[in-house]
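To start, the structure under review is shown below, and the notes come after it.
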Amino acid sequence: MSTPAALIDHLRAARAELATAPWRRIVAGIDTAAARFLAPGDPLRRCALSALTEGAGLSGPGAAAAIDAIFAELRRGALEGLLYRELGGPDALDGFVARPGGGQTRLVGPGLVLHVLAGNVPAPGIMSIACGLLVKAANLVKPSHREPHLSPLFAQALAAADPVLGACVGTVQWDREDHQAGRAAVGAADAVIAYGADATIGLLQSWTRPRGRFLAYGHRLSLAAICRELLTGAPGRANGDTNCPLARIAASLAEDVALYDQQGCLSPLAVYIETGAEELVFQFGAAMARALAALEARWPTGKRQTEAAAAVHHLRGEYEMRELAGEPVRLWYDPRAAWTVIAAASPSLPESCLFRTLFVYGIPRLEGLRDVLLPLSGYLQGVALAGPPERAATLGALFGALGASRICPPGRLQRPPAAWPHDGRPRLLDLLHRVDIEPLD
Amino acid sequence: MPRPSLSSEPALEEAARQAEAAQLDRQITALIDVGFAAPPDEDAFNALALAVFAHQFRYNPVYGAYCARRDRTPQTVRHWREVPAVPTRAFKGTDLCAFPPSNARVTYLTSGTTLPGRRGRHLLESTALYDASLLPNFNRHVLPDRSPGERLRLYALFPPTAVLPHSSLAHMIARCLTEFGDAQSGYSLDAAGLHAAGLSERLAEAERAGLPVTLLGAATSFIEFLDWLAAKNQRFRLPEGSRVMDTGGFKGQGRQVGPDDLRALYGDYLGIPPGRAVNEYGMTELGSQFYDGCLADAVFGPPVGSAGEGRVIRSKVVPPWVRTIAVDPQTLEPRPPGEEGLLRHVDLANRGSVLAVQTEDVGRLCPPELFPLPRFELLGRAASAEPRGCSIAVSEILAAAERQGDR
């Protein structure tokens, strides 16, 4: 890895050619690179899998599910969806196009984007690099120390697909305490995209040039909700019958919980089920427990670090005692595995310690979440919603007011489309600047 | 002993419980009185531990149910290692006492948590057993060179019990001041905070008079005092025999000071060498405490096998009425000495609550042949899991909001 200054010069030089490449060529290159990671025999896929099992600590099947989810959204169709959704049409990236009402307009990207990635899940980082290329920027990537390999592997695949793309992605690393190196990299970039803890983001932002762009993707969490309209039939039907609607919802939500071992900003920490019936809450808790147990065989939980493992035991201890003391809570877990389900009749904020720790709460009306979730205002990211279309707008407004950028069916929460506005922001537009030429006569 | 159904004579049941508890306390106190010099009696400890377990199984119904569903009962448990350990956090879940909660005369609370109404509680009927464990252990490891009956000058960098009535550490320090402190011993901290100037004056007097002092308190308060001294460019050469006992986390007002760095500061600003700085490790949920062995070693002789070892390993002494093991964080299976794990303590001084307590603290047992009494290295205290990347724990959100005064 060359020194950052030399690398930055190299990237800026390579960007000259990228700046004149048509957007279709860039999309084709990313698509080809992504296909490598989805192809079972491809050595790059094998390397990516081992990067996630060793670095991110996911199990083998968990890593495979993660790689499939990440690179499926970097195929041509998904990328074009993103371009059309945000820009109305990508041609303005290639040159001036006619403006409605006269004149012309085009979109110009930054010369160099610095991406500072977080360690919890690898997906946002890869999408970040792709977005940088779509706006025709050179990209300097600082991966997390915890999982440093996936970004360079993606860069390798890009280089093989199209040398111009590969030349515009470089990787750099520095220690958290090495503020000098961090400052230099941040100061050299035209735009900085930072993922991670608020403290990290604050520090990076303080180093940004006054005219530089700074995009932050900070602390977020996600939830799930089930509307009363889906709770039809006698409660007993929820027991063991894997075809009943609640069992199917539980199976889908289990996937949302399990992907990335619940460490992502789109991982649901709790399910709010719209009922006043305590028994129904506990039956759904049992259904979630069965679903997570079944999933453990298919996607085993990865290795937890010491503090995380301890936190799981302690959370179980607290709730087991509460259950034994007669409180209206129930607890299910597998002592040999990480997953835990805690159900409580009244709604609260989920103190999940991640690694597949899911809270199930009952609430008589989902609209009541406006008050229950108020302390999380600004932190909500996604909601997996099981309910009829006619409730979507009201609940969407409620969750949106708390910061949510995404509401989707259970099972899709951790597989956002490329067009998803991460943290509610337009990923490409935030990097682009628009040039309007008004009619000159 | 079979688990009895609800007695039709609650008064008789309570009388029986009190008698059994008193009997156990006498036996535990007798074991404590044997002292530190003799090698620990494994059979005596095990027998007493099993008796305490049986008592708690019967009279702490929630704990009894917790054990029963694991098929660990007085019939199936044959060794203290098999006694089910309760995570410290479970003390937040419910009152874990082997007596009717209404009998509680003392309530110790854990440090505040962000969700209201959810502080851990450790209830005691009396502090007798707590004090019986506290005083000889403190004396042995913090004041090993004290003559019997001798009174020393103690200054506390911690508030009195009137300010923190539910702090077990406040009680501990208060008892030590009463038991070992002379008439001029006292507190340098109250509800208004640290009285650095006053403490500084007292230390100056002690220095002039050649009077050794013992400073006890929270590491955070020591850091605050040392920062104050640094700002005033004041330093002391406290008389020979002076010492420090510190406890708790090592974060000073947002800045991190590691234990080694803190001990270096004691040397720079107080003239107290690292060998006379004893760190204490304890918790609200546990009746007994653990101290660094360094000062006792200097007085009673160095540990077997440590001569010429080079690096001094700071290790905590497990008193003879406690057993400590390190367990695998994923499986909770015991780890052998030398391997890191989560510390679990089996403490006879917890006769009134839960014998075996599982912590989130990371440590490793020292090789048993090195020391006459078992010891462990404390490698890390439990911290709420740091948010990794963009995911976040709810507790972190609430803590951040509190810090900003949003609530």
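The numbers here are math on the coordinates, done by the rules we state, and not lab data. Just so it is clear, the structure is predicted and the values come from calculations on it, not from any experiment. No Cβ is skipped: glycine too gets one built from the backbone with ideal geometry, and neighbour counts run over all protein chains shown.
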If we sort A:164-172, A:52-60, A:116-124 on the protection proxy, mean other Cβ atoms within 10 Å, highest first, what's the order?
-> A:116-124, A:164-172, A:52-60
Rounded to a whole number, the mean other protein chain Cβ count within 10 angstrom for residues of A:263-273 is 2
In cubic angstrom, how much convex hull volume per residue do the alpha carbon atoms of the protein assembly as shown span?
-> 200 Å³
Tell me, what is a quarter of the convex hull surface for the C-alpha atoms of segment B:56-152, in nm² with one decimal?
-> 9.4 nm²
Could you point to the residue in B:349, B:277, A:419 farthest towards the positive end of the protein assembly as shown's charge dipole, with +1 and -1 charges on the Cβ of Lys/Arg and Asp/Glu respectively?
-> A:419
If you average over every viewing direction, what projected area does the convex hull of the Cα atoms of segment A:162-292 give, in nm²?
-> 12.9 nm²
Per the beta carbon screen (other Cys under 4.7 Å), unpartnered cysteines of chain A come out as A:47, A:131, A:168, A:227, A:244, A:353, A:408
In units of 2.2 N^0.38 Å, what is the alpha-carbon radius of gyration of segment A:257-376?
-> 1.02
How high is the relative contact order of chain B, in percent, with contacts defined as C-alpha pairs under 8 Å that are six or more residues apart?
-> 16 percent
Roughly how many whole Å is it from the C-alpha centroid of segment B:191-248 to that of segment B:47-107?
-> 42 Å
What helix-only [θ] at 222 nm does chain A give? Using -39500 (n - 2.57) per DSSP H run of at least 4, over all residues, to the nearest 500, the answer is -13500 deg cm²/dmol
Tell me, what is a quarter of the convex hull surface for the C-alpha atoms of chain B, in nm² with one decimal?
-> 22.2 nm²
Report, as an integer, the average count of C-beta atoms from other chains found within 10 Å of each Cβ along A:298-309.
-> 4
Taking the DSSP beta bridges in segment A:321-364 as the whole, what percent of them are antiparallel, to the nearest 5?
-> 50 percent
Please list the equivalent ellipsoid semi-axes of segment A:20-59, computed as the square roots of five times the alpha-carbon gyration tensor eigenvalues, in descending order and whole angstrom.
-> 27, 11, 6
On each of the three principal axes the extent of the alpha-carbon atoms of segment A:61-114, given in whole Å and largest first, is 54, 25, 13
Report the antiparallel proportion of the DSSP beta bridges in chain B as a percent, rounded to a multiple of 5.
-> 60 percent
Global geometry of segment B:310-370, whether rounded, prolate or oblate, following the gyration tensor of its Cα atoms and the 1.5 cut on a/c | oblate
Project the alpha carbons of segment A:77-183 onto their principal axes and report the range along each, largest first, in whole Å.
-> 53, 30, 26
Tensor-based shape of segment A:1-103 (alpha-carbon gyration tensor, a/c under 1.5 rounded, otherwise prolate or oblate) | oblate
Exposure proxy order (Cβ contacts within 10 Å, fewest to most) of A:273, A:407 | A:407, A:273
What nm value, rounded to one decimal, do you get for the distance between residue B:42 and residue A:334 when each label is placed 7 Å out toward the C-beta?
-> 3.7 nm
Do any trypsin sites (Lys or Arg not before Pro) in segment A:121-210 lie in a DSSP loop with no more than 13 other beta carbon atoms within 10 Å, and if so, which?
-> A:176
Express the relative contact order of chain A as a whole percentage, based on alpha carbon pairs under 8 Å and six or more residues apart in sequence.
-> 19 percent
Please report, for the Cα atoms of segment B:77-219, the Rg to one decimal and the Dmax as a whole number; what are they, in angstrom?
-> 18.4, 59
Per residue, what volume in Å³ does the convex hull of the Cα atoms of chain A enclose?
-> 155 Å³
Throw me the Rg/Rh for segment A:286-356, computed over C-alpha atoms with Kirkwood Rh, two decimals.
-> 0.96
Here the whole-number average of other chain Cβ atoms within 10 Å per Cβ of B:218-229 is 0
Relative contact order as a percentage, segment A:1-153, C-alpha pairs under 8 Å and 6+ apart, gives 28 percent
Kirkwood-based Rg/Rh on the Cα set of segment A:43-84 evaluates to 1.12
Protection proxy ranking, peptides A:397-404, A:311-318, average beta carbon neighbours within 10 Å, highest first = A:311-318, A:397-404
By per-residue mean of other Cβ atoms within 10 Å, what is the highest-first order of B:89-98, B:73-82?
-> B:89-98, B:73-82
For segment B:11-117, what is the largest minus smallest coordinate of the Cα atoms on each principal axis, given in angstrom and ordered from greatest to least?
-> 46, 31, 31
Segment A:321-427, Cα convex hull volume normalised per residue, Å³ | 133 Å³
To the nearest 20 debye, what charge dipole does segment B:8-55 have about its Cα centre, counting +1 at the Cβ of each Lys and Arg and -1 at the Cβ of each Asp and Glu?
-> 80 debye
Residues A:144, A:50 arranged by fewest to most Cβ contacts within 10 Å | A:50, A:144
May I ask what percent, to the nearest 5, of DSSP beta bridges between residues of chain A are antiparallel?
-> 25 percent
Enumerate lysine pairs in the protein assembly as shown that are 8 or more residues apart or on different chains, then count those whose Cα atoms are under 30 Å apart.
-> 9
